[in-house]
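Notes follow the structure.
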Amino acid sequence: MAKKKVFQISNALTEGLEETVSAAHNYTGELRVEAIPLRKMELDPENPRDLILTFEDLYNGLDKDDKNYLRKAEEKATLITLSNSIKEQGIINPVLVYKHGDKYRLIAGERRTLASILAGKSEVQAKILDTKPEELKISLLQWMENVERRDLSLWERLKNLEKILSAFAADKGMEFNRVSPTDLGRLLGCSLPHAMNFIAVLNADDKVKALIQSNKLKNLEKAALISTIKSDGIKQNAIDACIAGATLKKLKSISTQDKIQKQTTTQLPAPSTRGRQATLVNLGTTKKIHVVRLIIDSVLGHEKLTHLKKHFTDLNWADYKSINHAFKQLLKTLEQIEAE
Amino acid sequence: MTKIIVNATHKGGEGKTTNSIMLAEYSALVKGLKTLIIDMDPQANLSGRYIEMEYDPAYRGGKIPAMHPDFEVGVDSGWDGRSSIANIFYGEEVIPYPTAISNLELLPAHSHKLQEAEAVTKNEVLEKVHLQLKRFLELPDVRNSYDVIIIDTPPSKGPLTIAAIKAASHIVIPAQMEQFSIEGVYGMLQLWKQESYYRTKENQINLIGILPNQVRDIKLHKQFLNGLKMMKGVSDYVMPRVIKKRAIYTEILVEDANPKSIFDLPKNNVARLEYESACEYIMEKVYHG
Ligand SMILES: Nc1ncnc2c1ncn2[C@@H]1O[C@H](COP(=O)(O)OP(=O)(O)OP(=O)(O)O)[C@@H](O)[C@H]1O
Ligand SMILES: [Mg+2]
């Protein structure tokens with residue numbers, strides 16, 4: 001008997017719709033822009049600056065007796081082009097400020113603000129926050145703003161995303177790579193499949209990342225699919241096909257070979273040892289920081305090794321490079337101890 | 001405050017144009033409000049309902065509005081006698097056309113000029129296209145002339161639709177209860193979301209909701225409608241009214257239709273009752289939240 005046909009809105013679409021509505025509710029007005037008087041703006045004394053030129057320098061003119069006169073004059077000269085463009089068409093990208101008493105403190109857009117003063121403007125377009133935001137909030141705002149711009153490459157979006165994720169992870173006291181697709185989806189207001197794609201691409205190997213960076217892989221879905229292919233050969237096929245313009249569907253059919261191959265390889269007998277005789281042990285690689293942590297903690301738990309702990313107290317556990325370095329150091333130290 | 005209602009979805013044939021017409025005529029005829037209807041779609045279907053559209057001699061297949069009835073040769077120097085909403089993108093004057101329906105005026109489409117605006121990709125120019133309709137509708141002259149402005153959009157998520165959404169106070173998404181239509185709804189919800197990020201509390205963009213259109217008494221439609229009503233958050237935006245599939249909604253759209261408007265039909269006509277109830281719901285939301 002034929003099964004009764006059920007028409008349904010797909011799970012992905014349902015999630016997308018629900019999350020869009022909830023993001024719209026949660027972030028209403030977050031990116032609003034208003035014109036504020038330049039005279040009411042000030043720098044945030046707590047924020048490090050690249051420039052030493054101040055607002056007053058531009059209002060009052062540079063003082064020849066200022067010990068920084070030369071440097072300030074140079075800085076001022078670098079603002080001329082921007083200032084001319086602001087004279088002609090205003091600021092394209094609004095600056096970001098937060099309310100501080102009756103003043104507005106600058107979070108982002110120092111050069112734009114200085115150039116606006118130089119252009120003789122009295123107002124500047126700004127996004128206004130009620131309080132000083134945390135790092136995470138700033139990256140989120142940048143993300144929301146950037147998604148709006150279509151000319152951003154996949155690579156640029158990923159760089160943005162990395163910032164958000166590390167800010168979020170730091171905020172929650174968790175590791176960078178433990179942020180789940182659900183967290184990410186909520187954070188960005190995007191659908192779960194979309195968030196999963198982002199995470200897949202963030203975890204891609206260096207080769208895939210290089211192709212994204214050089215804009216050879218441009219599409220998130222395709223890059224995500226390729227990132228999850230295990231077999232090197234099939235991955236290369238998929239990459240070649242993708243660059244040659246294959247559709248997502250075509251790539252999916254290539255990637256299913258990966259699954260088939262995986263199944264068959266597990267049934268093959270273990271290959272016999274051939275070639276050179278092994279003279280060293282490869283400790284392997286892992287993306288999972290908690291595994292590394294477990295190994296290091298266990299080693300350091302050894303009664304003869306507790307004195308090494310001090311080398312790890314300052315380690316940045318969100319940064320693969322530092323962990324790699326620290327682990328290599330540990331291995332070396334261990335080798336020396338054994339030799340002694 | 002003038003209310004600006006946009007009908008949008010990037011899927012074609014969902015009922016944007018039909019719903020724009022019905023809402024505008026309800027507002028003008030039934031409510032007696034001073035109403036302006038704007039055709040932002042290069043297809044110019046809506047314009048053809050109210051005024052004569054001519055084929056553009058310069059661009060094959062394109063349409064341009066007929067001469068404006070107020071145009072006088074010799075008197076109006078510097079004006080070629082035609083006017084369309086696309087003029088706002090060219091820094092040209094915009095002069096609404098009267099229609100056969102009292103209280104209702106039209107700003108028609110101009111296929112080629114609108115297509116050009118829709119095709120803009122350069123960032124600085126794009127920015128201008130996005131904001132131009134909003135700037136125009138914020139002019140005191142425009143605000144003071146109309147209580148309600150209804151905007152019909154092309155089936156896209158491009159610059160013209162974005163411009164309409166940036167100008168809007170309210171959005172209606174007409175949609176059939178079918179797979180691709182729901183994807184169109186998704187696209188529009190995203191534009192609404194993006195836009196709401198930029199609005200202040202006082203100047204919000206209000207999503208009135210999804211209006212199920214061309215609904216038939218079949219399983220597919222029921223299941224999709226129920227699916228939407230089950231979704232968290234989304235269910236608040238599924239209008240508790242539906243428009244059924246009826247031939248009369250198509251027949252009444254031609255320029256020389258008789259009667260002129262669905263709201264000229266007898267008060268107990270089912271089609272009139274059905275659309276009137278949907279329009280009533282929408283206007284109630286617009287005026288009383
Ligand atoms: N409820 C309905 N019953 C029957 N026919 C309808 C109904 N709603 C719309 N139609 C018809 O479906 C077609 C598409 O409708 P309409 O032009 O309003 O959609 P649209 O979204 O504006 O399309 P486009 O995307 O091309 O601008 C038209 O021929 C219209 O008359
Ligand atoms: Mg239409």
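The values are calculated or read from the model by the stated rules, or taken from the named source; none is laboratory data. Fair warning: this is a prediction, and the values are worked out from it, not measured in the lab. Here the Cβ is made from the backbone with ideal geometry for all residues, glycine too, and neighbour counts use every protein chain on show. Accessible surface is based on the protein model in full, side chains and every heavy atom, while ligands, DNA and RNA are left aside. Shrake-Rupley method; radii C 1.70, N 1.55, O 1.52, S 1.80 Å.
Taking only pairs six or more apart or across chains, which ones have beta-carbon atoms under 6 Å, a first residue in region A:283-298 that is touching a residue at least 24 places away in the same chain (Cβ under 8 Å), and a second residue that is charged (D, E, K, R)?
So the pair list comes out as A:289/A:175.
If you take the residues of region B:55-92 that are open to solvent by 60 Å² or more (accessible area, probe 1.4 Å) and not in a loop (DSSP other than H, G, I, E, B), which of them is nearest to ligand 2 (Cβ to nearest atom)?
Within region B:55-92, the match that is nearest to ligand 2 (Cβ to nearest atom) is B:55.
For region B:215-225, check the following and say yes or no: at least one residue is more than 11 Å from every other protein chain (Cβ to nearest Cβ), acidic (Asp, Glu) and open to solvent by 50 Å² or more (accessible area, probe 1.4 Å).
yes
So residue A:189 fits all but one of (1) modelled with pLDDT of 90 or more; (2) open to solvent by less than 60 Å² (accessible area, probe 1.4 Å); what number is the exception?
Unmet condition: (1).
In the set A:43, A:58, which member is away from chain B (no Cβ under 14 Å) and buried (at least 17 other Cβ atoms within 10 Å of the Cβ)?
A:58
When region A:102-142 is examined, which residues are found to be among the small types (Gly, Ala, Ser) and assigned to a helix (DSSP H, G or I)?
Passing the criteria: A:115, A:116, A:139.
Within the bounds of region B:187-195, is there any residue that is open to solvent by 20 Å² or more (accessible area, probe 1.4 Å), away from chain A (no Cβ under 11 Å) and either among the aromatic types (Phe, Trp, Tyr) or without any contact (Cβ under 8 Å) to a residue 12 or more places away in the chain (or both)?
Scanning region B:187-195, I find no residue that is open to solvent by 20 Å² or more (accessible area, probe 1.4 Å), away from chain A (no Cβ under 11 Å) and either among the aromatic types (Phe, Trp, Tyr) or without any contact (Cβ under 8 Å) to a residue 12 or more places away in the chain (or both), so the answer is no.
Kindly evaluate residue B:13 against the criterion of being more than 23 Å from residue B:88 (Cα to Cα), open to solvent by 40 Å² or more (accessible area, probe 1.4 Å) and either within 16 Å of ligand 2 (Cβ to nearest atom) or within 14 Å of chain A (Cβ to nearest Cβ) (or both).
Judged against the criteria, residue B:13 is a match.
Can you pull out the residues in region B:227-255 that are in a helix (DSSP H, G or I) and within 14 Å of chain A (Cβ to nearest Cβ)?
Passing the criteria: B:227, B:228, B:229, B:230, B:234, B:235, B:236, B:237.
Scan A:99, A:67, A:72 and give me the residue that is part of a loop (DSSP other than H, G, I, E, B), of a type in the set (Lys, Arg) and away from every other protein chain (no Cβ under 14 Å).
So the residue among A:99, A:67, A:72 that is part of a loop (DSSP other than H, G, I, E, B), of a type in the set (Lys, Arg) and away from every other protein chain (no Cβ under 14 Å) is A:67.
Looking only at region B:244-252, decide whether some residue is polar (S, T, N, Q), modelled with pLDDT of 95 or more and farther than 17 Å from residue A:21 by Cα.
No - not one qualifying residue is present in region B:244-252.
So, in region A:18-32, of the ones that are surrounded by fewer than 16 Cβ atoms within 10 Å (Cβ to Cβ) and under 14 Å from residue A:141 (Cα atoms), which residue ends up farthest from the other protein chains (Cβ to nearest Cβ)?
My answer is A:26.
Scanning region A:211-226 for residues that are assigned to a helix (DSSP H, G or I), out of contact with any Phe, Trp or Tyr (no Cβ under 9 Å at 6 or more places or on another chain) and open to solvent by 20 Å² or more (accessible area, probe 1.4 Å), which turns out nearest to residue A:195 (Cα to Cα)?
Residue satisfying both the conditions and the ranking: A:221.
Do we have residue B:243 as open to solvent by less than 20 Å² (accessible area, probe 1.4 Å), within 16 Å of ligand 2 (Cβ to nearest atom), among the β-branched types (Val, Ile, Thr) and under 21 Å from residue B:48 (Cβ atoms) here?
When the stated conditions are applied, residue B:243 does not pass them.
So residue B:159 ticks every box in (1) within 12 Å of another protein chain (Cβ to nearest Cβ); (2) farther than 27 Å from residue B:66 by Cα but one. Which box is left unticked?
That leaves (2) as the condition not met.
Each row is one residue, and each column tells you yes or no for (1) surrounded by fewer than 18 Cβ atoms within 10 Å (Cβ to Cβ); (2) hydrophobic (A, V, I, L, M, F, W, C); (3) at pLDDT below 95; (4) closer than 25 Å to residue B:211 by Cα.
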| residue | (1), (2), (3), (4) |
| --- | --- |
| B:124 | yes, no, yes, no |
| B:143 | yes, no, no, no |
| B:151 | no, yes, no, yes |
| B:155 | no, no, no, yes |
| B:159 | no, no, no, yes |
| B:162 | no, yes, no, yes |
| B:175 | no, yes, no, yes |
| B:180 | yes, yes, yes, yes |
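How many of the residues in region B:26-50 are outside any strand (DSSP E or B) and more than 16 Å from ligand 2 (Cβ to nearest atom)?
The number of residues fulfilling the criteria is 9.
All but one of (1) in contact with a strand residue (DSSP E or B) (Cβ under 8 Å, 6 or more places away or on another chain); (2) away from chain A (no Cβ under 14 Å); (3) over 21 Å from residue B:11 (Cβ atoms) hold for residue B:259, so report the exception by its number.
Residue B:259 satisfies every listed condition except (1).
For (1) more than 30 Å from residue B:273 (Cβ to Cβ); (2) not charged (D, E, K, R), each residue gets a yes or a no:
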| position | (1), (2) |
| --- | --- |
| B:18 | no, yes |
| B:23 | no, yes |
| B:35 | no, yes |
| B:57 | yes, yes |
| B:63 | yes, no |
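Residues in region B:98-116 that are open to solvent by 30 Å² or more (accessible area, probe 1.4 Å) and in contact with an Asp or Glu (Cβ under 7 Å, 6 or more places away or on another chain): how many?
Residues meeting the conditions: 2.
Only one of (1) part of a helix (DSSP H, G or I); (2) under 14 Å from the mean Cα position of the chain (by Cα) fails for residue B:174. Which number is that?
(1)
For region B:266-279, does any single residue satisfy the condition of being surrounded by fewer than 14 Cβ atoms within 10 Å (Cβ to Cβ) and touching a residue at least 40 places away in the same chain (Cβ under 8 Å)?
Looking for residues that are surrounded by fewer than 14 Cβ atoms within 10 Å (Cβ to Cβ) and touching a residue at least 40 places away in the same chain (Cβ under 8 Å), one finds none in region B:266-279, hence no.
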